[in-house]
Structures are given as C-alpha cells and as structure tokens.
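Scroll down for the structure; my scribbles are underneath it.
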Amino acid sequence: MRPPIHCVIPLPASRARLPHLLASHTPLRLSSANLYQRNLLSTPTRIRPLTTTPTMASDDAYMSFLDKANTDVSGDKPQTSAQTTTVTSSLPVPKPLQSLNLYYTSDTDEPFEPIALNWDGAKWPTADQFSSLISPDTDLSSSIESLDPGSFDPQNQYAAALDAVRDASGDKSAELKIFRVEITSTKIEYWILAFAKPEGRLVGLRAKAVES
C-alpha cells in the first residue's frame with residue numbers, strides 16, 4: 001500500500017504566531033485513492049455513435065445480391081441472361097395445358113407455363129438441338145441436363161403436371177422427358193416434354209425456379 005501524501009500549509013513568517021497556527025490548522029492529507037478518483041472524474045468520456053446494419057430493400061435487391069455473389073465464386077463459368085421461347089408461333093397450345101393452375105415451388109413459387117415446339121425428329125432432341133429450339137440466339141447446350149420424371153419429382157408433388165403433359169400429347173401412357181436448363185447459377189428452368197407424334201411437335205410445361 002502506498003504511503004499517504006501529506007500536503008502542509010505554509011506558515012506566516014512571524015514566529016510569534018507559530019504555536020497558535022500549529023494548534024489551529026490540521027494538515028490536509030490526500031491518499032493515492034483520492035487522487036485516482038479525481039483524475040477519473042476529470043477525464044472526459046467519449047461517446048461512440050450508434051451504428052446500424054444495412055438491410056436489403058427488396059426481393060429484387062436480394063436476387064441481385066445472390067446473382068453477384070454466385071458470379072464472384074463461379075470461376076470461369078459464364079453468366080447468361082438468355083430468354084427462352086416456349087411456343088413456336090405457328091403452333092396452338094394444346095387444350096389440356098391452357099387452363100392449368102399449378103405452381104412449381106423453389107425459393108419462389110412460379111406457375112407452370114404451356115409448351116408447344118416444332119419437332120419432327122423420331123428421337124428426343126440432343127442438348128444442342130434443344131438449345132436451338134428454345135434459345136436460337138444464345139447457346140445453352142452446356143447448361144442443359146436431361147432428367148427422368150422420378151429424378152425431377154421424387155416426392156410425387158407434381159403428378160398433376162405430368163398427367164397434363166401426357167393428356168396434351170394424346171397418349172396417357174406417353175414417355176416424358178425433363179430438361180433442366182441452367183440460365184444462371186441461381187435461375188433454373190425445368191421443361192417437361194412429351195411427343196405429339198401425329199403433329200410433329202413437342203408439348204409440355206415449363207417451370208421457372210430460383211435455387212440459391
């Protein structure tokens with residue numbers, strides 16, 4: 001423990017009054033603890049300003065943020081903004097596909113859209129051929145994957161959509177093919193197709209998905 005600090009009040013020069021002054025004045029003593037408290041109270045305190053964390057303003061801003069983040073980590077894989085076509089202008093949409101009220105669920109809920117494309121081939125189109133059907137101006141062949149119905153709908157959530165495509169083909173037992181088209185790293189399209197052989201076309205449904 002530090003010894004107390006003594007503060008002695010100086011006395012007048014007159015020696016005659018010295019005994020009286022010594023008897024009437026008590027020395028002022030300040031301990032180190034008293035000095036510390038004085039210094040603490042005399043030190044100004046800085047008040048830091050409040051800060052807030054910015055939030056996303058809208059769903060569009062959030063999607064733009066996701067696209068940019070995925071672009072930054074996707075390496076050399078190009079990001080496209082292709083617009084795909086679901087109906088060839090000269091073809092009518094089959095009636096079983098005109099009045100559907102079905103939605104595909106991903107990060108968003110999007111309605112199934114009808115498809116009617118010219119195709120007179122005896123086999124399913126390859127990725128290159130399918131890309132030319134749905135996106136004549138942008139090559140999407142490297143982003144197209146072929147799926148079977150079980151891989152597309154393992155929980156049997158979209159049985160009504162698959163049945164509607166078979167009805168549109170004119171054959172309730174028609175073989176179905178699903179093409180998964182990656183438009184960007186987060187925007188995906190699923191194309192559920194069947195042959196309508198007498199008319200020489202592909203019919204079906206398209207579902208847009210957001211997979212972050």
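Computed from the coordinates by the stated procedures, all read-outs in this text should not be read as laboratory data. Quick caveat, the model's predicted, so the values are computed rather than measured. Virtual Cβ from ideal backbone geometry, glycine too; neighbours counted across all protein chains shown.
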Count of lysine pairs in region 98-212 with Cα atoms under 22 Å apart, counting only pairs 8 or more residues apart in sequence or on different chains? 8
Contact order normalised by length for region 81-210, with contacts defined as Cα pairs under 8 Å and 6 or more residues apart; what percent is it? 31 percent
Can you tell me how much longer the chain between Arg180 and Glu211 gets when fully stretched, taken as 0.36 nm per residue apart minus their C-alpha distance, in nm with one decimal? 9.9 nm
Would you mind listing how long region 94-160 runs along its three principal axes, going by Cα atoms, in whole Å with the largest first? 29, 27, 24
Rg/Rh over Cα atoms for region 81-210, Kirkwood Rh, comes to 0.92
Amide N proximity, region 80-102 versus Asp120 label position 7 Å along Cα-to-Cβ, cut-off under 14 Å: none
Local charge sum around Ile183 (other residues, Cβ-Cβ under 10 Å, Lys/Arg +1, Asp/Glu -1)? 0
What FRET efficiency would be calculated for the residue pair Ser106, Gln129, taking the C-beta separation as r and a Förster radius of 25 Å, to the nearest 0.05? 0.40
Inter-site label distance for Ser89 and Asp163 at 7 Å from Cα along Cβ, in nm: 3.7 nm
